[in-house]
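First the structure, in the form of structure tokens, and then the observations on it.
The values are calculated or read from the model by the stated rules, or taken from the named source; none is laboratory data. In this text the structure is predicted, and so the values were computed from the model without any measurement. Every residue, glycine as well, gets a Cβ built from its backbone with ideal geometry; the counts of neighbours run over all protein chains shown. Areas reflect the complete protein model, heavy atoms only, side chains present, ligands, DNA and RNA absent. Shrake-Rupley method; radii C 1.70, N 1.55, O 1.52, S 1.80 Å.
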Amino acid sequence: MIIDFEKERSRMVEEQIAFRGVTDPRVLAVMGKVPRHEFMPEALRAQAYGDHAMPIGEGQTISQPYIVALMTELLELKGDERVLEIGTGSGYQAAVLAELCQKVFTIERVKTLADKARATLDRLGYKNVVMKVYDGTYGWKEMSPFDAIIVTAAAPDVPDTLVEQLKDGGRLVIPVGERYSQLLLKIIKSPSGTVTKTSIPCIFVPLIGAKGWRE
Ligand code: SAH
């Protein structure tokens, strides 16, 4: 069976992402461009543009397309930013960010996933993504401060390290809550402190580390 991935992708943008209220034209264009199926295990590629998260190995998942688009929109990227991602997973979210900002720094704790993500990003020609295998709850201090930080795993609390590594005016988007249900938060940093806005309920795999959940 030959699948028209491009057609599936444009349907995904229309029916799952724009339909639910994502409006940033740059985000919509990139969701229509990045080949999500390339980031998935081969056996699951036929379902790459479905309205759900999918397993990527090691008990981890690639997020639902709408969630990727919504979190990306919340970061308010214009093109010249340095963005930190915690939880590289398949590398798909990193690729979406790479299309929308100057440079992406992404951290993954599971080496096999990071290696696979690196290979996919290289194959697709993404040159503005740097990666390390580490506990991302510490952030990436040497490379800070960041214009935006996205955490794609569920945290019990907002790690203070990540807020510290944001620029003034910077945005942190992170799912926070219980192990199996969270709220998506957007935290905006300013010289007088932080403002927290609540987006939607969500379910992510756990952020495991010093300032996350225990293994
Ligand atoms: N953004 C990914 C999906 C991430 S799934 C994508 O587009 O495919 C969440 C990922 O976070 C998993 O791969 C998991 O191993 C990783 N993770 C969990 N805790 C982490 C931590 N403390 N530091 C870095 N990565 C972590």
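A few comments on the model shown:
- All positions within region 202-215 that are open to solvent by less than 40 Å² (accessible area, probe 1.4 Å) and part of a loop (DSSP other than H, G, I, E, B): Phe204, Val205, Leu207, Gly209, Gly212
- Among (1) out of contact with any Gly (no Cβ under 7 Å at 6 or more places or on another chain); (2) over 22 Å from Ala98 (Cα atoms); (3) of a type in the set (D, E, K, R), the one test that Lys186 misses: (2)
- Applying a threshold of 9 Å to beta carbon distances and a minimum spacing of six or more residues, or different chains, the list of pairs starting in region 105-118 at a residue that is more than 11 Å from Gly136 (Cα to Cα) and among the charged types (D, E, K, R) and ending at one that is open to solvent by less than 30 Å² (accessible area, probe 1.4 Å) and more than 8 Å from the ligand (Cβ to nearest atom) reads Arg118/Val129.
- Of the residues Asp147, Asp160, the single one that is open to solvent by less than 40 Å² (accessible area, probe 1.4 Å) and in contact (Cβ under 8 Å) with a residue 40 or more places away in the chain is Asp147.
- Region 111-142, subset of a type in the set (Lys, Arg) and surrounded by fewer than 13 Cβ atoms within 10 Å (Cβ to Cβ), residue farthest from the ligand (Cβ to nearest atom): Lys127
- Test: residue in region 40-48 that is under 15 Å from the mean Cα position of the chain (by Cα), surrounded by fewer than 24 Cβ atoms within 10 Å (Cβ to Cβ), charged (D, E, K, R) and away from the ligand (no atom under 14 Å from the Cβ): no
- Residue selected from region 53-65 under the condition out of contact with any His (no Cβ under 9 Å at 6 or more places or on another chain) and open to solvent by less than 30 Å² (accessible area, probe 1.4 Å), by the criterion nearest to the ligand (Cβ to nearest atom): Ile62
- Among the residues of region 66-75, those that are of a type in the set (Val, Ile, Thr) and near the ligand (Cβ under 10 Å from one of its atoms) comprise Ile67, Val68.
- Within region 182-215, if we keep just the residues that are within 16 Å of the ligand (Cβ to nearest atom) and among the small types (Gly, Ala, Ser), the residue that is farthest from Ala154 (Cα to Cα) turns out to be Ala210.
- Yes/no for Thr23 being of a type in the set (Val, Ile, Thr), at pLDDT 95 or above and surrounded by fewer than 16 Cβ atoms within 10 Å (Cβ to Cβ): yes
- Strands (runs of 3 or more DSSP E) enclosed by region 145-201 - at least 3 residues per element that are over 18 Å from the mean Cα position of the chain (by Cα) and farther than 23 Å from Arg109 by Cα: 166-177
- Hits in region 76-91 (condition: within 13 Å of the ligand (Cβ to nearest atom) and within 25 Å of Lys197 (Cα to Cα)): Val83, Leu84, Glu85, Ile86, Gly87, Thr88
- Residues in region 179-195 that are free of Cβ contacts under 8 Å to residues at least 24 places away in the same chain and surrounded by fewer than 13 Cβ atoms within 10 Å (Cβ to Cβ): Tyr180, Ser181, Ser190, Pro191, Ser192, Gly193, Val195.
- Taking the criterion of being charged (D, E, K, R), more than 13 Å from Leu70 (Cβ to Cβ) and in a loop (DSSP other than H, G, I, E, B), the only residue of region 1-27 that qualifies is Asp4.
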